[in-house]
Amino acid sequence: MVRRLIQLYSGLVLYGVSTAMFVRADLGADPWNVFHLGVARIFSLNIGMVMILVGALVLLLWIPLRQRPGLGTVSNVVVLGLAADAALAVMPPMESLVARGVLLAAAVAVNAIATGMYIGAGFGAGPRDGLMTGIHARTGWSVRSIRTAIEVTVLLAGWAMGGTFGVGTVLYALTIGPLIQLCLPWFRAPSPMVAGAVQAGHHS
């Protein structure tokens, strides 16, 4: 349980940090943050507060999918925004295009790993990823296809509101689905039944 809790909150903090990395790379935010930045621009709010508010609203979309929120879901709504604002406060803007390009590539990788960590901890997906896993459970469609469709939808909405769009946005939208599908098995916590069977095997 302790390991899973550490994995959950480490993943959530890393996700918030990846958000700050996208913003500081300034080569185009990931699609959800194009949306967050667009909302922040319209309502003059910081991105962390927008992430918290949007996360809470997205939970409403869980109702028709019959998804149940868990500790990870509630923690996601709060921790992502706080971590993003904290990371932005200590991460200075970058001038070098090479440095920004490296930061962008790292942000995509950190985002995928962070997603695998907090979903794999087994405390419930975050509001946005709950849409992905909920649709997958209800339809059987691939995680890759669902995630890509969601990313493209929020990207267009955010761009229409003036969110930052760039090469990083396209890179993220095209690669995050396959990367999450790759990372999820690394961090998936075994069920109590499986864990018990493994433990019994060690004693026998």
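Here are the numbers for the structure shown:
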quantity	calculated
Search result, residues across the range 58-76 that are free of Cβ contacts under 8 Å to residues at least 60 places away in the same chain and not hydroxyl-bearing (S, T, Y)	L60, I63, P64, R68, G70, V74
Boolean, A29 is out of contact with any Asp or Glu (no Cβ under 9 Å at 6 or more places or on another chain), at pLDDT below 90 and more than 21 Å from G134 (Cα to Cα)	yes
Per-region count, the range 8-44, residues among the acidic types (D, E) and either in a helix (DSSP H, G or I) or open to solvent by 10 Å² or more (accessible area, probe 1.4 Å) (or both)	1
Any pair with Cβ under 6 angstrom, 6 or more apart, that starts in the range 77-101 at a residue that is closer than 15 Å to M49 by Cβ and aliphatic (A, V, I, L, M) and ends at one that is part of a helix (DSSP H, G or I) and open to solvent by 60 Å² or more (accessible area, probe 1.4 Å)	A83/V13
Filter result for A149 (assigned to a helix (DSSP H, G or I), open to solvent by 30 Å² or more (accessible area, probe 1.4 Å) and among the small types (G, A, S))	yes
Hey, V167 more than 20 Å from V50 (Cβ to Cβ) and open to solvent by 50 Å² or more (accessible area, probe 1.4 Å) or not	yes
Selection from the range 134-146 of residues that are open to solvent by 40 Å² or more (accessible area, probe 1.4 Å) and modelled with pLDDT of 85 or more	I135, H136, A137, R138, T139, G140, W141, S142, S145
Matching residues in the range 60-74 - criterion: being open to solvent by 50 Å² or more (accessible area, probe 1.4 Å) and assigned to a helix (DSSP H, G or I)	L60, L61, I63, P64, L71, V74
Members of the range 107-122 that are buried (at least 23 other Cβ atoms within 10 Å of the Cβ) and either part of a loop (DSSP other than H, G, I, E, B) or of a type in the set (D, E) (or both)	A121
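The values are calculated or read from the model by the stated rules, or taken from the named source; none is laboratory data. Just so we're clear, the structure is a prediction, and the values are computed from it rather than from any experiment. We place every Cβ from the backbone using ideal geometry, glycine too, and count neighbours over all the protein chains shown. The protein model used for the area step is the full one, side chains on, heavy atoms only, and it has no ligands, DNA or RNA in it. Shrake-Rupley method; radii C 1.70, N 1.55, O 1.52, S 1.80 Å.
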